[in-house]
Each structure stands twice: as structure tokens, then as C-alpha cells.
Amino acid sequence: MKKAIIIIATLAGLGFIFWKEILFLILVQFASPKDNVGPHQEIMWQQGPDQRTDNRPNIIVIVADDLGINDMTDYDDLDPSGTIDTPNIDFIGNMGIKFKNAYSGSATCAPSRGMIVTGKYATSTGYEFTPTPDGMARSINLFNPEETRYLSENVENNPLFDNQGLPPEELTFAETLKSANYYTAHIGKWHLGRGPKFAPLSQGFDESLMMASGLFLPEDDPNVVNAYLPWDPIDKFLWAILDYAASFNESSERDNWFEPKGYLTDYYTDEAIKVIESNKNRPFFLYLAHWGVHTPLQALKSDYDELTYIDDHVERVYAAMIKSLDRSVGRIVQSLKENGLSDNIPGLFLLVTMEVLDILG
């Protein structure tokens with residue numbers, strides 16, 4: 001009898017935890033309406049001159065998010081167990097310099113991006129933590145309190161979300177290049193602050209197509225395959241709160257959000273190619289910061305269907321996302337060739353920020 005009572009109590013406790021989590025996710029979704037994202041807007045990028053008179057090199061920085069070093073064929077001599085074929089990324093490495101013993105300056109996303117744009121350690125800029133929306137840390141702790149560390153006593157001392165970001169007085173690579181009469185464009189993830197003083201246009205960029213939220217396609221789009229990570233509290237939170245949205249040359253207010261066009265990695269690539277074509281006759285700096293292959297894991301069905309040799313669903317979705325990222329790099333390289341710029345891009349880089357997400361490696 002006593003054993004039966006213990007079993008019933010345990011099941012009841014688990015049921016309470018489960019329903020508490022479900023109720024919370026419903027409340028999060030209710031508080032984050034997804035019907036106020038505007039229709040797609042065509043981007044009209046600035047146009048450069050008709051003829052090129054300044055032959056200084058163009059510079060493109062491509063950033064991948066959460067891509068493991070074992071997930072590219074160019075690094076399969078380190079550990080081939082999780083390698084996905086990445087011929088276009090390999091091409092960049094083979095024509096330049098590969099760093100096989102390099103380390104990120106920070107273990108989390110935002111500080112590492114701050115270091116990329118400033119060339120300074122996070123401890124030097126003071127941008128040492130990833131800004132999170134108000135209430136996000138408390139929410140994640142609710143899902144998994146034994147594995148997260150939430151210090152409620154510090155909440156009152158934290159600045160509001162819109163006041164968190166890379167200090168505006170820090171000099172970015174975009175500001176340096178803009179002062180040298182380069183046209184500067186940002187596409188994709190920013191993560192250096194949402195308030196106006198932290199925005200790309202305030203940090204040296206002439207134009208910015210920003211990732212306003214983080215779905216690669218709407219969750220129910222017939223062209224997408226989703227993979228959920230039930231063990232990851234952040235993944236649960238992201239699925240509940242994220243939209244399929246972008247913004248252009250505006251603040252991050254929802255009134256300025258609009259739907260991208262197609263799968264997010266491909267959409268950013270389409271727009272990057274437009275930037276190249278529009279500015280091929282002047283020195284330009286393009287910062288293409290992909291969201292892939294960060295969670296939520298969403299892949300194009302066409303890419304997913306080609307990877308029949310991968311049995312595990314989550315791994316297959318992740319691999320298909322890498323496939324789209326590699327395709328992006330190939331399309332950028334091809335665009336440079338078609339626009340006569342392939343010999344004028346000594347600064348074509350692929351940077352990888354890696355966070356704690358081990359799927360294939």
C-alpha cells in the first residue's frame with residue numbers, strides 16, 4: 001500500500017511539472033502574438049557608381065552560428081565521425097588560411113560577436129554576457145531548475161533588455177571602414193543590443209537587414225522540416241516565442257517587422273548577392289551573419305530529403321541546415337565571379353561561433 005502511494009505521488013508530481021510547463025508555454029505564446037508581422041517587403045539597397053574608380057579590396061565577413069568544427073569536411077582529419085560534405089566552405093579554407101587550433105574568446109554568443117566586430121576581449125569592452133529578454137532567464141529556470149543557475153536577487157540590478165548591448169563608444173570594424181569611405185552593409189543576426197544606440201546603423205553600418213526573430217520558416221510551412229529538443233529548456237522557449245520576421249534600417253520595434261522571403265539562410269544569401277551586385281563598383285564591406293545552424297532546428301524539406309543516409313531525425317535536420325549554409329557560401333563565391341570581383345576579395349572569411357550544442361560532433 002505504501003509503495004502504491006509513493007508511485008501515485010510520484011506520478012502526480014511529474015504530471016504537475018508537465019502541466020505547469022505546458023501552461024507556461026501557452027502563456028508565453030499568448031504574450032507573444034505572431035499576427036503582427038507585416039507582409040514581405042522588397043529591399044532596395046543603395047546603389048554604387050556606374051564605373052569603378054576606387055580599386056581598394058572589398059571585404060566580406062560570413063559568420064555561422066553554432067557550427068561544430070567536426071561538421072565540415074575540411075576539418076575531418078580532426079574527427080571525421082560527424083562530418084557533413086561542405087565543398088564550398090572547404091573552398092574558402094583551401095584558398096586562404098585555416099585555423100585548426102583556434103579558440104573563441106567567449107563561450108557564449110553575444111560576447112563572441114562583440115569581439116568579432118571590435119577585435120577586443122569582452123573583458124575590455126564590458127560586454128561579457130548575452131542580453132536576454134526580460135523574464136527569459138526565470139522562464140528557462142522553471143523548465144530545468146536543477147541544471148540552471150538563476151540568481152533572482154540580481155534581477156533588480158540588471159538593466160532592461162533594450163539597455164543591454166555593446167557599449168556604443170566601442171569602435172567597430174564597420175565604423176573604421178565607413179570612415180575610409182567604404183559602403184557598409186549588415187545582414188542577419190546582430191545580438192549586440194536591441195536599443196537604438198546599439199543598432200547596426202549606430203555602429204557603423206550604412207544599411208542593415210536584421211534578423212528580428214528566429215524562425216527559419218513558419219513552423220507549419222510545408223517546405224520545412226522541424227526537429228525539437230525536449231531536453232533543452234532554451235529550445236522549448238524559442239519555439240514558444242519566436243516569429244518568422246526581419247526588419248530593415250529601422251528599430252527593432254514589432255511595427256517594423258515583416259516576413260522574409262523563403263528559408264532564412266537562402267533569403268539572407270539572396271539579399272547579400274543583391275548587395276554585391278548593387279555595389280560592385282565601389283569598395284564595400286558586407287557582414288553576413290547567418291542564424292544557421294542555431295536552434296530552433298529547421299531545414300528545407302528539399303535538403304532534408306537528400307540526406308537519406310542519416311537515420312536520426314535530429315541529426316538529419318541539423319545536417320540539412322549545414323547543407324544550406326554551405327550552399328550560401330557557394331552562391332556568394334559564384335556571385336563574386338559573375339560580377340568580376342573574385343580577384344578583389346582578399347577579405348573573404350568564414351567565422352564560426354560555437355556554443356554548447358553537441359549533436360553530431
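Could you tell me which residue of region 87-116 is nearest to I60 (Cα to Cα), considering only residues that are among the polar types (S, T, N, Q) and buried (at least 17 other Cβ atoms within 10 Å of the Cβ)?
For region 87-116, the residue satisfying everything is N88.
Could you run through region 200-233 and say how many residues are under 30 Å from E315 (Cβ atoms) and assigned to a loop (DSSP other than H, G, I, E, B)?
Matching residues across region 200-233 total 17.
Look at region 36-61 and say how many of its residues are out of contact with any strand residue (DSSP E or B) (no Cβ under 7 Å at 6 or more places or on another chain) and aliphatic (A, V, I, L, M).
Summing the residues that are out of contact with any strand residue (DSSP E or B) (no Cβ under 7 Å at 6 or more places or on another chain) and aliphatic (A, V, I, L, M) in region 36-61 gives 1.
Hey, can you tell me all the residues within region 200-229 that are under 21 Å from S278 (Cβ atoms) and more than 16 Å from the chain's Cα centre (by Cα)?
L201, G204, F205, D206, E207
Please verify whether S324 is at pLDDT 95 or above, over 20 Å from R113 (Cβ atoms) and not acidic (D, E), treating the condition exactly as stated.
Answer is yes for this residue.
Would you confirm, using the coordinates I've provided, whether P33 is exposed (fewer than 13 other Cβ atoms within 10 Å of the Cβ) and modelled with pLDDT of 55 or more?
Values: exposed (fewer than 13 other Cβ atoms within 10 Å of the Cβ): yes; modelled with pLDDT of 55 or more: yes.
Yes; evaluated as a whole, the condition is true for this residue.
Restricting attention to region 244-261, which residues are surrounded by fewer than 17 Cβ atoms within 10 Å (Cβ to Cβ) and at pLDDT below 90?
E250, S251, E253, R254, D255 - these are the residues of region 244-261 that are surrounded by fewer than 17 Cβ atoms within 10 Å (Cβ to Cβ) and at pLDDT below 90.
Give me the residue from region 44-94 that is under 25 Å from T108 (Cβ atoms) and of a type in the set (D, E) and, out of that set, modelled with the lowest pLDDT.
So, considering only residues that are under 25 Å from T108 (Cβ atoms) and of a type in the set (D, E), the one modelled with the lowest pLDDT is D79.
Might you let me know whether region 264-282 holds any residue that is crowded, with 18+ Cβ neighbours inside 10 Å, among the polar types (S, T, N, Q) and not in a helix (DSSP H, G or I)?
Checked region 264-282: at least one residue is crowded, with 18+ Cβ neighbours inside 10 Å, among the polar types (S, T, N, Q) and not in a helix (DSSP H, G or I).
Condition check ((1) modelled with pLDDT of 85 or more; (2) of a type in the set (A, V, I, L, M, F, W, C); (3) surrounded by 13 or more Cβ atoms within 10 Å (Cβ to Cβ)) across all residues:
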site	(1), (2), (3)
T118	yes, no, yes
S124	yes, no, yes
P133	no, no, yes
N141	no, no, yes
E156	no, no, no
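Restricting region 330-361 to residues that are at pLDDT 90 or above and more than 24 Å from the chain's Cα centre (by Cα), which is farthest from H290 (Cα to Cα)?
Here the residue is G340.
Of everything in region 230-259, what is touching a Leu at 6+ places or on another chain (Cβ under 7 Å) and on the phi < 0 side of the Ramachandran plot? Give them in sequence order.
D235, K236, A240, L242, D243, Y244, A246, F248
Given (1) surrounded by fewer than 18 Cβ atoms within 10 Å (Cβ to Cβ); (2) in contact with a strand residue (DSSP E or B) (Cβ under 9 Å, 6 or more places away or on another chain), identify the lone condition not met by W231.
(2)
Name the pairs whose Cβ atoms lie under 6 Å apart, with the first residue in region 257-281 and farther than 20 Å from Y244 by Cβ, the second among the charged types (D, E, K, R) and surrounded by fewer than 18 Cβ atoms within 10 Å (Cβ to Cβ), and 6 or more positions between them or separate chains?
N281/R52
Please find, among K236, K197, the residue that is more than 16 Å from the chain's Cα centre (by Cα), assigned to a helix (DSSP H, G or I), surrounded by 17 or more Cβ atoms within 10 Å (Cβ to Cβ) and basic (K, R).
That would be K236, the only listed residue that is more than 16 Å from the chain's Cα centre (by Cα), assigned to a helix (DSSP H, G or I), surrounded by 17 or more Cβ atoms within 10 Å (Cβ to Cβ) and basic (K, R).
Just to be sure, is L25 in a loop (DSSP other than H, G, I, E, B), surrounded by 12 or more Cβ atoms within 10 Å (Cβ to Cβ) and modelled with pLDDT under 55?
no
The values are calculated or read from the model by the stated rules, or taken from the named source; none is laboratory data. For clarity, every value in this text was computed on a predicted model and none was experimentally measured. Cβ: placed from backbone, ideal geometry, glycine included. Neighbour counts: every protein chain shown.
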